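Take a look at the structure set out below.
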Protein chains: 2
Amino acid sequence: VSQKRTVFFVSDGTGITAETLGNTLLTQFDGIEFETQTLPFVNTPDRARVTTDYINHLAESTSQRPIVFSTTVSDEIRDVLRYSQSLFIDVFEVLAPPIERELGRKSTHTQGRAHGVADVHRYESRIEAMNFAMEHDDGSTTRELQRADVVLIAPSRCGKTPTTLYLALQYGIFATNFPLTEDELDVPQLPKALRGLEAKLFGLTSQPERLAQVRGERRPGSKYASLAQCAFELRQAEELYRRGGIPSLNSANMSIEEIAVSVIQEKALRRR
Amino acid sequence: VSQKRTVFFVSDGTGITAETLGNTLLTQFDGIEFETQTLPFVNTPDRARVTTDYINHLAESTSQRPIVFSTTVSDEIRDVLRYSQSLFIDVFEVLAPPIERELGRKSTHTQGRAHGVADVHRYESRIEAMNFAMEHDDGSTTRELQRADVVLIAPSRCGKTPTTLYLALQYGIFATNFPLTEDELDVPQLPKALRGLEAKLFGLTSQPERLAQVRGERRPGSKYASLAQCAFELRQAEELYRRGGIPSLNSANMSIEEIAVSVIQEKALRRR
């Protein structure tokens, strides 16, 4: 029998840490349907009281008490939330003390540090990386391509663009991508624009069936989406990677996050 | 005196949860320089042993033991990592037991759930949202604009594009954006393409000085980047939002994450 549980991610900031952590923990429990809600910017005692009332309201209208994942740096706010009718788990409360003991100093209890503009320099470099990724997407310009930390290459629809944007947004890495078109794949050879950038290249490949499916959603029944064409392009791309000594990855069953982290690891990129 | 500490984010998956959690906790400690390293895909006992050796190597070559944030679902792997010379904090070890007691069942200890392609449907809808955001960026097409959950509008360089991409990548929200150009701002009136979509609109504004600085980095000395032009565009945009009853936000001192979460909250958008 499937249970249903209400789960809250509560934070004095964006709630992103509470969501990430809570969702990760919830993936480990099967057979239960979780109804999640994020309650961000709970950064005053008044808002904490309203939030607690809301949690209590939900606890009373369902048969089971909610689970609350909280990242609240203020003791005052946390003490209001704690007395909600819930299993209350606060990250700072549980994990700050061992770190405080290890470092021999108290945590600062400063709000909005994790996902605010805490480090302006670091933040602006992330935005710059994102703009770089957007401007250069899919080979739209080769201007300043040498600024890239990594250039993803692949046939169309192997995951280049989402991975590029994730690398930029999440890690501030100057990533971009360049398509391998039929002209290059026929031979197979590296696009002219990429010569001299060999050390920055990373190739993506896929499974023909998977690629045909993804392309078919865009252009059903086209040659572009045919299994034969997909198989040909992937084979030629893999040959190109092999000849050029370009590290590569089969992205067919991987998420953007897994591809991105694998690229970082393989190319020893620095997270910013 | 500034200390320096080595911190590892270790995971059998991407390490994204360990990074997010660990970085959040570290923001609460001032006066210490943290050297962070992510060690992802530690998903076999062999890799755990190599990882432990590496951590021990670093512990011995520095005067202080490292801090390790781990998200490892396997007890066997975790037991190898635990005996590294470190302050070892594992998320599942600390936080799974209270949730297990609450739910009356054991966690499944399944690897790669948090940031893999666990839920194919949810994953594909995120990718679709991302493609939608890319195709419609900056008003490049008005095709299927009614599919959008939210349309961000603003003068150039107020944060529309990064926020849109973040909403799509992180939350699978169908977000897009549309620029307010001088023509529309002169009057001020809503771009024709957006009529009928009023309920989906969210406006961004900024501070004139901040906008002039951001624009100046792109086109130094231009009219576009002048303080007078920025002040004019922002004033007109704010007037347009007011007249149209369009909710809006001053993004000048906010991060992408904070803007995105505020938009979700204001428009009551559903995270996918």
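The values are calculated or read from the model by the stated rules, or taken from the named source; none is laboratory data. Here the structure is a predicted model, which is why all the values come from computation and not from measurement. For neighbour counting, all protein chains shown are included, and Cβ atoms are generated from backbone atoms with ideal geometry for every residue, glycine included. Surface accessibility is based on the protein's heavy atoms, side chains included, excluding ligands, DNA and RNA. Shrake-Rupley method; radii C 1.70, N 1.55, O 1.52, S 1.80 Å.
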Note to self: Using the Cα centre of the protein assembly as shown as origin and beta-carbon charges of +1 (Lys, Arg) and -1 (Asp, Glu), tell me which of B:148, B:163, B:185 is placed farthest towards the positive end of the dipole.
What the structure shows: B:185
Checklist line | Number of Lys pairs (Cα under 18 Å; 8 or more positions apart or on different chains) in chain B | finding: 4
Note to self: Can you give the local net charge around residue A:155? Use residues other than it whose beta-carbon is closer than 13 angstrom to its beta-carbon, Lys and Arg +1, Asp and Glu -1.
What the structure shows: -3
Check: Averaged over peptide B:164-173, how many Cβ atoms belonging to another chain are found within 10 Å of each residue's Cβ?
Finding: 3
Next item on the list: Starting from the amide H of residue B:250, placed 1.01 Å from N in the peptide plane, find each other amide H under 5 Å away whose residue is 5 or more places distant or on another chain.
Entry: B:205
Checklist line | Cα-centred dipole magnitude for the protein assembly as shown, charges only on beta-carbon of K, R (+1) and D, E (-1), debye, nearest 20 | finding: 420 debye
Note to self: I need the Kirkwood Rh of region A:117-211: take the reciprocal of the average 1/r across all distinct C-alpha pairs and report it in angstrom.
What the structure shows: 13.8 Å
Margin query: If a paramagnetic tag sat 7 Å from the Cα of residue A:266 along the Cα-Cβ line, which residues of region A:228-249 would have the backbone N under 16 Å from that point?
Written below: A:234-249
Notebook entry, point to check: Which value in Å does the Kirkwood hydrodynamic radius of region A:45-173 take, with 1/r averaged over all unlike C-alpha pairs and then inverted?
Noted result: 18.7 Å
Check: Computed over the Cα atoms of region A:36-86, what is the ratio Rg over Rh, Rh following Kirkwood?
Finding: 0.94
Notebook entry, point to check: Interface B/A, total buried accessible area with a 1.4 Å probe, nearest 100 Å²?
Noted result: 7300 Å²
Notebook entry, point to check: How crowded by other chains is A:60-73, given as the mean number of beta carbons from other chains within 10 Å of each beta carbon?
Noted result: 1
Next item on the list: Enumerate by residue number the trypsin sites (Lys or Arg not before Pro) in region B:92-129 meeting two conditions: DSSP loop (anything except H, G, I, E, B), and at most 15 other Cβ atoms within 10 Å of the site's Cβ.
Entry: B:105, B:106
Next item on the list: Over the Cα atoms of region A:164-272, compute the convex hull volume and normalise it per residue, giving Å³.
Entry: 107 Å³
Check: Dipole size in debye (nearest 20) for chain A around its Cα centre, Lys and Arg Cβ +1, Asp and Glu Cβ -1?
Finding: 460 debye
Next item on the list: Summarise the accessible area of chain B (1.4 Å probe, protein heavy atoms) by the percent that is carbon and sulfur.
Entry: 47 percent
Notebook entry, point to check: For residue A:35 and residue A:187 in one chain, what is 0.36 nm times their gap in residues minus the Cα-Cα distance, to one decimal in nm?
Noted result: 49.5 nm
Margin query: How far, in nm to one decimal, is residue B:138 from itself in the other copies if the label point is set 7 angstrom along Cα toward Cβ? Shortest first, please.
Written below: 1.5
Item checked: Two-decimal ratio, chain A, of alpha-carbon radius of gyration to 2.2 N^0.38 Å -> 1.28
Note to self: Run the label-point distances for residue B:101 please: 7 Å along Cα to Cβ, every other copy, nanometres, shortest first.
What the structure shows: 1.9
Margin query: Need one number: the % of Cα-Cα pairs in region B:1-115 sitting beyond the 24 Å mark.
Written below: 25 percent
Notebook entry, point to check: Relative contact order for region B:127-272: what is it in percent, counting Cα pairs under 8 Å that are at least 6 residues apart?
Noted result: 28 percent
Next item on the list: Please report how far the C-alpha centroid of region A:194-272 lies from that of region B:57-76, rounded to the nearest whole angstrom.
Entry: 34 Å
Checklist line | Nm distances between copies for residue B:45, ranked from closest, using label points 7 Å along Cα→Cβ | finding: 5.4
Next item on the list: For the protein assembly as shown, just list the percent of Cα-Cα distances falling in each 20 Å bin from zero outward, please.
Entry: 20, 53, 26, 1
Margin query: Counting only Cα atoms, I'd like the Rg/Rh figure for region B:222-261, Kirkwood definition for Rh.
Written below: 1.05
Checklist line | Probe 1.4 Å, protein heavy atoms only - accessible area per residue of region A:7-92 in square angstrom | finding: 37 Å²
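Keeping all protein chains in place, calculate the accessible area per residue for region B:209-272 (probe 1.4 angstrom), answer in Å².
That works out to 52 Å² for each residue.
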